[in-house]
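Asks: Here's a structure for you.
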């Protein structure tokens, strides 16, 4: 109801403020002025157009992956292998970008992104099938497959078919028809931002406006009721993982055509992992992924500027990020504790919640 | 003679006052019944007495001695023997091991003294008429026998006061009678006995004095001999209640639901059920009685399409549906009220209106484009809230925030307003208070009058007897021949619930 909806907005903000507060204490203890740190972070992330552009460049993969993960988490499925799906999407995209001759840019970009999306989806299909029909836990399978994808990527650019001869492990540069050019000078921000925002809208629409999304929510909130309402739990399980894989794959493709225009080792800044926290902080709401993704993107891109302009080590920004992760996790734990009545049990025997029938 | 006194107990949970200044006096040799609806505060009071909860005020005295509050160990040492509704036994251990657990008699060498334990248990068994084999594994015992083990355990630990929390919930009528005999036995031996129940007839039968609790407060306290059922019900609910809804003659039509040798295969989690054959006509209620765990859940879920059937046929209005998926069955006119509304029936974190369309949103009139027609769904939910008087009357309230009775009304509204040809209803009044029970029963009889066929699966024999036109008994996965309501008696059905008239031995399928 309205009460819990307000709480849904307020709690993430409180968590972030708590993280800011505790990190300020750490700054004070290490002789950095919190005011200086935060002001240089803010100006580094938003202070001028190029800085804001760089923030948005980081925002795209975080938010696109995060939106897909939000949907997946809503189904009660914990896909933590988005990093691998992101890498696989990037490989597929670079094959299409490099191996196909020049063609109209819209078509080439579309094909490239489609390849990334499909391969990301397929890479999540296997854990989905294993979970749905064999009961293999998706946390294990997606994580392991994520490492496999990353190692596969190293092989591809170091000695595999995608690697360009030379000392530096990297793929061939994309042809012009597969590259989106920057829209803000001196940044890497391209039209990919619009595609990314479109993807977030699509995730929100899928979750909140379609029967599939309703089914996903029912599955996540009560799998038994999902069966009674006639939903196929295995099919929804597969779909939940596949959809999040598709978003991660799309993000991989966007990173290729919009930012790097070339496959190389360090193209991912752990976006697939950070996106998990982006989705959790957004309480699995694709719309809320926008501010949540922007926050993490700003902490990343602002940190670089902060080190350059104010001489403050980037690690302080990681401290803030780490503390946000910590508080989000602690908050979730509190939720679970409340649901399972742990606190009440600590105080004494079980307390019947009002409105819940009392046995006896 | 031992005596239990409870003085001015008050217990709050946040703003909820679960017990408000409750005082009881149970002299030795008397049976005191505590009567109240679910949520009235009976269990809270018992937990306070047993030391499982610490009261905010008041004290408990045994033989005039106050006992430390919130200390279950002290309560046990003071002689309070609590028999919980749900048994706390270890099935893999034998009866004697369960009884002595934590209070093992030792031989001089420190080993567990098996002979002494069994001797003591046999003696207790004999003295209180609680017959049970000390060497038998608990897993092999019937529910009634397990309860005897619980009671023996209490006596073994030196109970002077016996408290039984809803002890008949899982028993057959015959087992209930045996329990009542034992209860009277303890009282004659001079023990105070507290009997907690929400069933009027049981309270009237077994107790010497009855205390009625409503919303945490004592609303009535009188010798049982002076109490009438109507008066007790009114004290319990707070208004006059019709205890038995009038049922008019059935106007039976064509066969609407037919099962032909339906079988559900056993898995690791469920026993084999069937073969079951039955038929229900339009305008008829077929009641399925039986003790919990004899295949009720499997029968209902196979009918609705939640678990696969192994063999046999299900016909809905002449059409075979055993391979038809859940949604299609619903669309064909098969309604389902599951036994556990919170687990199977509702998404507790969804608002009321979404729960109302939970089983129908994929079909018109709620289906629209790729999504749903919210306006249509909300207006239908609003009508349902009005028609079924679901409180607090908002369609945006979360299902979690509704009381049990209103949750059940919501599920019923969803399944009845769809206009089902056949309604499968499992345990429709579980955990509901007397007033809500009356409402649910009326609605089911209305639906029957409108010509629906209803299969009523219930553990409450009284409910089955009150509503059904014919009654069949489910025992170890097999169904008896249906008995017309006019020919059915409590005792007759009760004996069938315990297995009489069913093939014995392995053939019955354990």
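Asks: How many residues does region B:213-241 hold that are part of a loop (DSSP other than H, G, I, E, B), within 24 Å of residue B:187 (Cβ to Cβ) and in contact with a strand residue (DSSP E or B) (Cβ under 8 Å, 6 or more places away or on another chain)? Steps first, answer last, please.
Replies: Just the residues of region B:213-241 that are part of a loop (DSSP other than H, G, I, E, B), to begin with: B:215-216, B:227-228, B:238-241.
Okay, now just the ones that are also within 24 Å of residue B:187 (Cβ to Cβ), so B:227-228.
When the remaining residues are screened for being in contact with a strand residue (DSSP E or B) (Cβ under 8 Å, 6 or more places away or on another chain), the result is B:227.
Residues meeting the conditions: 1.
Asks: Now, a different point. The conditions are (1) in contact with a helix residue (DSSP H, G or I) (Cβ under 8 Å, 6 or more places away or on another chain); (2) surrounded by 15 or more Cβ atoms within 10 Å (Cβ to Cβ); (3) more than 8 Å from chain A (Cβ to nearest Cβ); (4) over 25 Å from residue B:303 (Cβ atoms), and residue B:402 fails exactly one of them. Which is it?
Replies: (3)
Asks: Could I ask something else about it? Six or more apart or on different chains, Cβ atoms under 6 Å: show the pairs whose first residue is in region A:152-165 and more than 15 Å from residue A:119 (Cβ to Cβ) and whose second is in a loop (DSSP other than H, G, I, E, B).
Replies: Final answer for the pair search is A:157/A:169; A:157/A:263; A:157/A:265; A:158/A:169; A:164/A:172.
Asks: Scan region B:259-271 and tell me whether some residue there is under 26 Å from the mean Cα position of the chain (by Cα), within 30 Å of residue B:229 (Cα to Cα) and away from chain A (no Cβ under 11 Å).
Replies: no
Asks: Among the listed residues B:2, B:66, B:55, which satisfies the condition of being more than 14 Å from chain A (Cβ to nearest Cβ) and touching a residue at least 40 places away in the same chain (Cβ under 8 Å)? Before you say what the answer is, go through the steps one by one.
Replies: Numbers: B:66 fails: touching a residue at least 40 places away in the same chain (Cβ under 8 Å); B:55 fails: more than 14 Å from chain A (Cβ to nearest Cβ).
Going through B:2, B:66, B:55 in turn, the sole match is B:2.
Asks: Pick out the one residue from A:253, A:220, A:215 that is within 11 Å of chain B (Cβ to nearest Cβ), crowded, with 22+ Cβ neighbours inside 10 Å and assigned to a helix (DSSP H, G or I). Write out each step before concluding.
Replies: Working: A:253 fails: within 11 Å of chain B (Cβ to nearest Cβ); A:220 fails: crowded, with 22+ Cβ neighbours inside 10 Å.
When all the criteria are applied, what remains is A:215.
Asks: Hey, can you tell me all the residues within region A:223-238 that are within 24 Å of residue A:143 (Cα to Cα) and either surrounded by 24 or more Cβ atoms within 10 Å (Cβ to Cβ) or more than 14 Å from every other protein chain (Cβ to nearest Cβ) (or both)?
Replies: Keep residues of region A:223-238 that are within 24 Å of residue A:143 (Cα to Cα), which gives A:223, A:233-238.
Residues satisfying the conditions are A:237, A:238.
Asks: Still on this structure, I have one more. When you scan region B:336-356, do you find a residue that is surrounded by fewer than 18 Cβ atoms within 10 Å (Cβ to Cβ), at the interface with another protein chain (Cβ under 10 Å from one of its Cβ atoms) and within 19 Å of residue B:440 (Cβ to Cβ), even just one? Give the derivation first.
Replies: Filtering region B:336-356 for residues surrounded by fewer than 18 Cβ atoms within 10 Å (Cβ to Cβ) gives B:340, B:343, B:349.
Remaining after also requiring at the interface with another protein chain (Cβ under 10 Å from one of its Cβ atoms): B:340, B:343, B:349.
Checking which are within 19 Å of residue B:440 (Cβ to Cβ) leaves us with B:340, B:343.
Looking through region B:336-356, at least one residue is surrounded by fewer than 18 Cβ atoms within 10 Å (Cβ to Cβ), at the interface with another protein chain (Cβ under 10 Å from one of its Cβ atoms) and within 19 Å of residue B:440 (Cβ to Cβ).
Asks: Can I ask one more? Which numbered condition trips up residue B:41, out of (1) surrounded by 19 or more Cβ atoms within 10 Å (Cβ to Cβ); (2) modelled with pLDDT of 85 or more; (3) touching a strand residue (DSSP E or B) at 6+ places or on another chain (Cβ under 7 Å); (4) on the phi > 0 side of the Ramachandran plot?
Replies: (2)
Asks: For region B:399-422, check the following and say yes or no: at least one residue is more than 20 Å from the chain's Cα centre (by Cα) and free of Cβ contacts under 8 Å to residues at least 12 places away in the same chain.
Replies: yes
Asks: Is it fair to say residue B:210 is under 22 Å from the mean Cα position of the chain (by Cα), at pLDDT 90 or above and not in a loop (DSSP other than H, G, I, E, B)?
Replies: Taking the combined requirement at face value, the residue satisfies it.
Asks: A follow-up question, please. Can you tell me which residue is nearest to the other protein chains (Cβ to nearest Cβ) among those in region B:87-112 that are modelled with pLDDT under 85 and in contact with a strand residue (DSSP E or B) (Cβ under 9 Å, 6 or more places away or on another chain)?
Replies: If we take residues in region B:87-112 being modelled with pLDDT under 85 and in contact with a strand residue (DSSP E or B) (Cβ under 9 Å, 6 or more places away or on another chain), then B:104 is nearest to the other protein chains (Cβ to nearest Cβ).
Asks: Against the definition (farther than 30 Å from residue A:185 by Cα, within 21 Å of the chain's Cα centre (by Cα) and modelled with pLDDT of 95 or more), how does residue A:118 come out, yes or no? Reasoning before the result, please.
Replies: Numbers: farther than 30 Å from residue A:185 by Cα: yes; within 21 Å of the chain's Cα centre (by Cα): yes; modelled with pLDDT of 95 or more: yes.
Here the answer is yes, as residue A:118 does meet what is asked.
Asks: Okay, moving on. Could you check how many residues of region A:262-293 are in contact with a helix residue (DSSP H, G or I) (Cβ under 8 Å, 6 or more places away or on another chain), in a loop (DSSP other than H, G, I, E, B) and over 29 Å from residue A:208 (Cα atoms)?
Replies: Our first condition is that a residue be in contact with a helix residue (DSSP H, G or I) (Cβ under 8 Å, 6 or more places away or on another chain); within region A:262-293, this holds for A:262-265, A:267-290, A:292-293.
Narrowing further to those that are in a loop (DSSP other than H, G, I, E, B): A:262-263, A:265, A:267-270, A:282-288.
Still in the running and over 29 Å from residue A:208 (Cα atoms): A:262-263, A:265, A:267-269.
Counting residues in region A:262-293 that are in contact with a helix residue (DSSP H, G or I) (Cβ under 8 Å, 6 or more places away or on another chain), in a loop (DSSP other than H, G, I, E, B) and over 29 Å from residue A:208 (Cα atoms) gives 6.
Asks: Quick check on region B:317-332: of everything there that is out of contact with any helix residue (DSSP H, G or I) (no Cβ under 7 Å at 6 or more places or on another chain) and either within 10 Å of chain A (Cβ to nearest Cβ) or modelled with pLDDT of 95 or more (or both), which residue is nearest to residue B:455 (Cα to Cα)? Working first, answer last.
Replies: Taking region B:317-332 first, the residues out of contact with any helix residue (DSSP H, G or I) (no Cβ under 7 Å at 6 or more places or on another chain) are B:317-320, B:322-325, B:327-328, B:330-332.
From what is left, the residues that are either within 10 Å of chain A (Cβ to nearest Cβ) or modelled with pLDDT of 95 or more (or both) are B:325, B:327-328, B:330-331.
Details: B:325: 20, B:327: 19, B:328: 19, B:330: 15, B:331: 18 Å.
My answer is B:330.
Asks: Give the residues of region B:428-457 that are within 14 Å of another protein chain (Cβ to nearest Cβ) and in a helix (DSSP H, G or I), sorted by residue number.
Replies: Correct list: B:436, B:437.
Asks: Then there's this: Would it be correct to say that residue A:307 is assigned to a helix (DSSP H, G or I) and without any contact (Cβ under 8 Å) to a residue 12 or more places away in the chain?
Replies: Details: assigned to a helix (DSSP H, G or I): yes; without any contact (Cβ under 8 Å) to a residue 12 or more places away in the chain: yes.
When the stated conditions are applied, residue A:307 passes them.
Asks: While we're looking at this one, here's another question. Test of understanding: among B:271, B:229, which residue is surrounded by fewer than 18 Cβ atoms within 10 Å (Cβ to Cβ) and under 30 Å from residue B:329 (Cα atoms)?
Replies: B:271
Asks: Continuing with the same structure: How many residues are more than 14 Å from chain A (Cβ to nearest Cβ) and surrounded by fewer than 21 Cβ atoms within 10 Å (Cβ to Cβ) if we restrict to region B:293-308?
Replies: Total meeting the criteria: 1.
Asks: For region B:111-132, which positions are under 28 Å from the mean Cα position of the chain (by Cα) and either exposed (fewer than 14 other Cβ atoms within 10 Å of the Cβ) or over 14 Å from residue B:151 (Cα atoms) (or both)?
Replies: Those that are under 28 Å from the mean Cα position of the chain (by Cα) and either exposed (fewer than 14 other Cβ atoms within 10 Å of the Cβ) or over 14 Å from residue B:151 (Cα atoms) (or both): B:129, B:131.
Asks: Sticking with this one: Provide a single number: the residues in region B:357-367 that are at the interface with chain A (Cβ under 8 Å from one of its Cβ atoms) and within 27 Å of residue B:389 (Cβ to Cβ). Walk me through it before giving the result.
Replies: We begin by selecting, within region B:357-367, every residue at the interface with chain A (Cβ under 8 Å from one of its Cβ atoms); these are B:358-359, B:361-362, B:367.
From what's left, within 27 Å of residue B:389 (Cβ to Cβ): B:358-359, B:361.
Going through region B:357-367 one residue at a time, the tally reaches 3.
Asks: Ok, one more. Of all residues in region B:405-428, which are surrounded by fewer than 21 Cβ atoms within 10 Å (Cβ to Cβ) and out of contact with any strand residue (DSSP E or B) (no Cβ under 7 Å at 6 or more places or on another chain)?
Replies: B:417, B:419
Asks: Looking only at residues in region B:5-32 that are within 14 Å of chain A (Cβ to nearest Cβ) and surrounded by 24 or more Cβ atoms within 10 Å (Cβ to Cβ), which one is nearest to residue B:78 (Cα to Cα)?
Replies: Residues of region B:5-32 that are within 14 Å of chain A (Cβ to nearest Cβ), as a first pass: B:11-19.
Then drop every residue that is not surrounded by 24 or more Cβ atoms within 10 Å (Cβ to Cβ), which leaves B:18-19.
Numbers: B:18: 25, B:19: 23 Å.
For region B:5-32, the residue satisfying everything is B:19.
The values are calculated or read from the model by the stated rules, or taken from the named source; none is laboratory data. The model shown is predicted, which means the values in this text are computed figures rather than measured ones. In this analysis, Cβ positions are derived from the backbone assuming ideal geometry, glycine residues included, and neighbour counts consider all displayed protein chains.
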